[in-house]
Amino acid sequence: KRLRGDDPKALADYMKSDQCRNVFLMLGAGVSTAAGIPDFRSPKTGLYANLARLNLPTPEAVFQISFFRNNPVPFYTLAKEIYPGRYRPTLTHSFIKLLHSRGLLHTCFTQNIDTLERKAGVPEDKIVEAHGSFATQRCIDCKTPYEEEKMKKAIKEEEIPRCEKCGGLAKPDIVFFGESLPDKFRASIPSLREADLLIVIGTSLTVYPFASLVYFVPEDCPRVLINLVEVGDFDRPDDLVFTGKCDGIVRVLCRELGWEEELDKAWVE
Ligand code: OAD
């Protein structure tokens, strides 16, 4: 199965073959930019380029747990903007749903906290939200869960939510720099040994340990990068690299697979 290059037909043929049963995905913010959610590191449009107004020592400080403890205001200002609910899944999210309904999706590892994979209809047991999500929240000190409705209200009204038990800061269960990743992330890593295909979409592959997942699939497992720009080290013999907007690339791939009509249907629903 030599797949090197950027031929969508070669990839589609492989995906239709008996050899390809377990597809793994690694997603980043680029999957959701078409939904209107900015990514982090794109030079002009990324969140980190647009945080000057929050007076941070560095843009990443907004997601640093030590900074948050002293000054939670920047995070809550940002949270109001990126809080899920206002956004709908993209065509690429629908492609993930199709992979699932075709019985090909093993696990979708995502760094995204927007929960759009779930919204697109991918079942929760196939998703590993490696950087957590806005779906639950708790006190950063005593870890007591905090009510969702109260968190929603606090974010909307620009108040700082505090734990009713100990007075500590309550925060959505998004993994900040300095916090450990969810247990499910570590527990899911060994399954990558069963991968017949890894598709990496819309991530700069700069944040570890997430970025290291590309090394856990077998040597002969084709790895596919779909990203605006080339990132990472896709230099194994069976690696494929497609540069451009993911929705367009996914459409071409689905055309080759004979899934295009179904893709559009899934997206509209
Ligand atoms: P980045 O902003 O670092 O990377 C997004 C990548 O997607 C870039 O390489 C873009 O070129 C690409 N991209 C943007 N729009 C695209 C499109 N329509 N089609 C294809 N590619 C596109 O975002 P992540 O890699 O997700 O962590 O960032 C990783 C982590 O860093 C995030 O989870 C977040 C951040 O700090 C936490 O919040 C804990």
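The values are calculated or read from the model by the stated rules, or taken from the named source; none is laboratory data. From a predicted model like this one, the values you see are computed outputs, not experimental measurements. Please note: Cβ atoms are built from the backbone with ideal geometry, for glycine as well, and neighbour counts cover all protein chains shown.
Consider only pairs whose beta carbons are under 8 Å apart and that are at least six residues apart or on different chains; among these, list those whose first residue lies in the stretch 15-38 and is charged (D, E, K, R) and whose second residue is more than 10 Å from the ligand (Cβ to nearest atom).
K16/L257; R21/L104; R21/D196
How many residues are in a helix (DSSP H, G or I) and among the β-branched types (V, I, T) when one looks only at the stretch 65-114?
6
Collect the residues in the stretch 225-254 that are in a helix (DSSP H, G or I) and without any contact (Cβ under 8 Å) to a residue 40 or more places away in the chain, keeping them in residue-number order.
Correct list: G248 only.
Restricting the first residue to the stretch 64-85 and requiring it to be under 15 Å from D114 (Cα atoms) and among the aromatic types (F, W, Y), which pairs with a second residue that is surrounded by fewer than 18 Cβ atoms within 10 Å (Cβ to Cβ) and at pLDDT 95 or above meet a Cβ separation below 8 Å and a spacing of at least six or different chains?
The qualifying pairs do not exist here.
Step by step: first the residues of the stretch 15-68, then only those that are aliphatic (A, V, I, L, M) and near the ligand (Cβ under 8 Å from one of its atoms), then the one that is modelled with the lowest pLDDT. Which residue is that?
L47
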